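Heads up, the thing below is written out as structure tokens.
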Amino acid sequence: WPVPILNGSNSVIDSAWRRFLGSYLFFSFRRDRIAILSFVVLCTFFLASFSASLLAPFDPYDPIQIDIMDSEIPPVWMEEGDQRFLLGTDAQGRDLLSTILYGSRISITIGIFAVLLQAFLGISIGLVSGYFGGRLDNFLMRLADIQLSFSTLMVAIIFLAVFQALFGTELYEKLAIVMLILVIGIAEWPHYARTVRANVLAEKKKEYVDAVRVIGLGSLRIMFKHILPNTLSPILVISTVQIANAIVSEAALSFLGLGMPVTKPSLGSLINSGFEFIFSGSWWITIIPGVVLVVLVLVMNLLGDFLRDVMNPKLYKD
């Protein structure tokens with residue numbers, strides 16, 4: 001496999017790149033057509049959504065570009081379609097293709113930052129719980145059990161509904177993205193904490209941990225510099241799946257009217273806004289964003305399954 005030639009100042013990057021190209025992960029990826037297709041589709045989603053301002057024919061946030069007289073125009077391949085709107089328009093007259101591109105960016109952004117928050121909380125709690133053990137471990141794990149006994153949607157619905165009741169819908173619409181990231185992120189940290197704790201319990205008994213402890217390194221340095229790097233494989237697998245779960249959670253909350261407002265559409269709020277028109281013949285307003293959401297979540301889950309299989313040592317072949 002060709003390796004790009006890098007100058008001496010990039011020797012670290014060069015070495016890491018060569019190790020990656022020679023790794024079992026890359027070897028397995030090249031042989032797995034489903035993983036390659038999923039990766040290509042996911043990259044296309046990311047590039048298209050974060051380049052929405054360049055690719056979208058219209059700006060759905062600009063009232064000047066929206067005409068209510070263009071509402072509920074079917075996709076271009078249907079008899080009453082309009083060449084200006086490839087996927088048709090929604091009930092407000094917005095171009096559906098443009099709205100999906102902008103909405104996908106919001107959904108993906110919420111998913112990524114919610115998982116970053118989950119990972120930060122879960123990894124920190126899991127490291128502390130597994131390394132120190134004892135009563136602290138029992139307390140943190142029972143807290144995780146309590147958290148897991150409530151579904152993410154139930155916690156989010158209660159919290160967001162109370163917030164809107166106390167501070168009003170107008171303030172919530174301004175802080176919708178931040179609120180969704182916080183709620184989804186805080187509700188899902190136990191998945192990381194349990195996985196990291198299990199790995200820490202196995203790693204802290206190994207000789208290299210005893211060696212660095214003997215030379216006088218502190219607990220924080222041992223946990224984050226020596227133990228944490230050996231737990232990254234399951235964290236990567238969990239993160240791929242959790243981003244998909246976070247996007248689904250955001251879509252479900254938006255569908256229930258507790259997520260993104262109609263003025264800042266995500267995939268979930270798009271599905272919600274067109275649901276009342278699905279039986280009147282304007283099926284594309286809901287179905288097309290729904291298909292986009294399903295494909296996005298599907299390719300993420302397929303990549304997560306691929307990473308789980310490849311990074312499971314029991315599946316390695318000599």
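Here is a check on your reading of the model: is PRO74 touching a Gly at 6+ places or on another chain (Cβ under 6 Å), surrounded by 15 or more Cβ atoms within 10 Å (Cβ to Cβ) and modelled with pLDDT under 85? Write out each step before concluding.
Working: touching a Gly at 6+ places or on another chain (Cβ under 6 Å): yes; surrounded by 15 or more Cβ atoms within 10 Å (Cβ to Cβ): yes; modelled with pLDDT under 85: yes.
Criteria met by PRO74.
With the requirement that a residue be open to solvent by less than 60 Å² (accessible area, probe 1.4 Å), over 17 Å from LEU256 (Cβ atoms), touching a residue at least 12 places away in the same chain (Cβ under 8 Å) and not aromatic (Phe, Trp, Tyr), what does region 150-193 give you?
Within region 150-193, ILE181, GLY185, GLU188, PRO190, ALA193 meet the criteria.
Report yes if some residue within region 65-83 is more than 25 Å from ILE278 (Cβ to Cβ), out of contact with any helix residue (DSSP H, G or I) (no Cβ under 8 Å at 6 or more places or on another chain) and either part of a helix (DSSP H, G or I) or touching a residue at least 12 places away in the same chain (Cβ under 8 Å) (or both); otherwise report no.
yes
Inside region 219-249, can you point out the residues that are of a type outside the set (Ser, Thr, Tyr) and surrounded by fewer than 17 Cβ atoms within 10 Å (Cβ to Cβ)?
Within region 219-249, the first condition is being of a type outside the set (Ser, Thr, Tyr), and the residues that meet it are 220-230, 232, 234-238, 241-248.
Across region 219-249, the qualifying residues are LEU220, ARG221, PHE224, LYS225, PRO229, ASN230, LEU232, LEU236.
For the condition open to solvent by 30 Å² or more (accessible area, probe 1.4 Å), farther than 25 Å from VAL262 by Cα and modelled with pLDDT of 80 or more, what is the one hit in PHE50, PHE29, PHE45, PHE58?
Result of the check over PHE50, PHE29, PHE45, PHE58: PHE29.
Filter region 292-318 down to the residues that are open to solvent by 80 Å² or more (accessible area, probe 1.4 Å) and at pLDDT 75 or above, then identify the one that is farthest from THR195 (Cα to Cα).
VAL294
Any residue that is hydrophobic (A, V, I, L, M, F, W, C) and under 27 Å from ILE184 (Cα atoms) - is there at least one of those in region 50-71?
Scanning region 50-71 turns up at least one residue that is hydrophobic (A, V, I, L, M, F, W, C) and under 27 Å from ILE184 (Cα atoms).
Checking GLN92 against (1) closer than 29 Å to ALA246 by Cβ; (2) part of a loop (DSSP other than H, G, I, E, B); (3) without any contact (Cβ under 8 Å) to a residue 40 or more places away in the chain: exactly one of these is not met. Which one?
(3)
Just need a number here: residues in region 126-175 that are part of a helix (DSSP H, G or I), hydroxyl-bearing (Ser, Thr, Tyr) and either more than 25 Å from the chain's Cα centre (by Cα) or modelled with pLDDT of 80 or more (or both).
Going through region 126-175 one residue at a time, the tally reaches 3.
Which of the residues that make up region 187-216 are out of contact with any helix residue (DSSP H, G or I) (no Cβ under 8 Å at 6 or more places or on another chain) and more than 30 Å from PHE150 (Cβ to Cβ)?
First, the residues of region 187-216 that are out of contact with any helix residue (DSSP H, G or I) (no Cβ under 8 Å at 6 or more places or on another chain): 202, 205-207, 210-211, 214-216.
Result: LYS205, LYS206, GLU207, ASP210, ALA211, VAL214, ILE215, GLY216.
Any idea which of (1) under 22 Å from ASN272 (Cβ atoms); (2) surrounded by fewer than 16 Cβ atoms within 10 Å (Cβ to Cβ) is the one GLY22 doesn't satisfy?
If we test GLY22 against (1) under 22 Å from ASN272 (Cβ atoms); (2) surrounded by fewer than 16 Cβ atoms within 10 Å (Cβ to Cβ), just (1) comes out false.
The values are calculated or read from the model by the stated rules, or taken from the named source; none is laboratory data. Model, not experiment: these values are computed from the prediction. Positions of Cβ are generated from backbone atoms using ideal geometry, with glycine treated the same way; all protein chains shown enter the neighbour counts. Heavy atoms of the whole protein, side chains included, go into the accessibility calculation; ligands, DNA and RNA do not. Shrake-Rupley method; radii C 1.70, N 1.55, O 1.52, S 1.80 Å.
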